[in-house]
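The next block holds one structure in the form of C-alpha cells; read it before the comments.
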Amino acid sequence: MSGFQTTSATLDTKLMADGSILQVVPTGLRHILSDGRVNEWRCPGRKQITSVSCNERQVVAALTGYELIYFELDETGQLLESEKKDMAGEISSVCIAPLPEGKVRSKFLAIGGYDATIRILS
C-alpha cells in the first residue's frame, strides 16, 4: 500500500474509524488518508516512540524521556495531538482500552513502568 514508510521498523498499524490507516514508527506517526495523502507527526527533538497503543479513534505514544502523548481522531478525520503528560519514570508499556459500543473514546489507559508500577489514567 502506498503511503507506508518502509525504511524503518513499524511499531503498530491500525485501521481507523474513518477508513484511514495509521502507521507508527519510532520517529513518529503516519496517518494515511483514504485518498492517499499522508499526514505526519514527528517526535520532538531526538525523542523516539518506545511504546504505543491505539484503538479506532485514539492513539497513545510513550516517548523517551518520560513523556506520554495522546492523539484523537476528530470528526473531520484529522488525527490531532490532544494532550501531553510527563510521567515520573520511564514507560515500558501503554494500553488503551477498546472503544465501548456506541462511544467515540475510551476512558481508560494503563501505563506500565520500568519501576514495576502500573498506573491507570482516565
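Overview of values
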quantity: Under-5 Å amide H pairs with E67, H placed in peptide plane, nonlocal only; calculated: M87
quantity: Accessible-area composition of the chain, carbon plus sulfur, in percent [1.4 Å probe]; calculated: 50 percent
quantity: Segment 30-72: relative contact order as a whole-number percent, Cα under 8 Å and 6+ apart; calculated: 24 percent
quantity: V52, V60, V104, reordered so the largest accessible area comes first (probe 1.4 Å); calculated: V104, V52, V60
quantity: Spin-label model distance (nm) - Q78 vs L11, 7 Å beyond Cα toward Cβ; calculated: 2.3 nm
quantity: With DNA, RNA and ligands ignored, accessible area of L109 (1.4 Å probe; Å², nearest 10); calculated: 20 Å²
quantity: Taking N as its residue count, the alpha carbon Rg of the chain over 2.2 N^0.38 Å; calculated: 1.03
quantity: Solvent-accessible ranking of R57, R37, largest area first, probe 1.4 Å; calculated: R37, R57
quantity: Accessible-area value, F4, 1.4 Å probe, nucleic acids and ligands omitted, Å²; calculated: 70 Å²
quantity: Heavy atoms of E72 accessible to a 1.4 Å probe, total area in Å² rounded to 10; calculated: 30 Å²
quantity: Only Lys, Arg (+1) and Asp, Glu (-1) charged, at Cβ; the chain dipole about Cα centre in debye; calculated: 160 debye
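The values are calculated or read from the model by the stated rules, or taken from the named source; none is laboratory data. Since we're looking at a predicted model, the values are computed, not measured. Because the Cβ atoms are built from the backbone with ideal geometry, glycine has one as well, and the counts that use them run over all protein chains shown. For the accessible areas, the whole protein counts, side chains as well, though only heavy atoms, and no ligand, DNA or RNA atoms are used. Shrake-Rupley method; radii C 1.70, N 1.55, O 1.52, S 1.80 Å.
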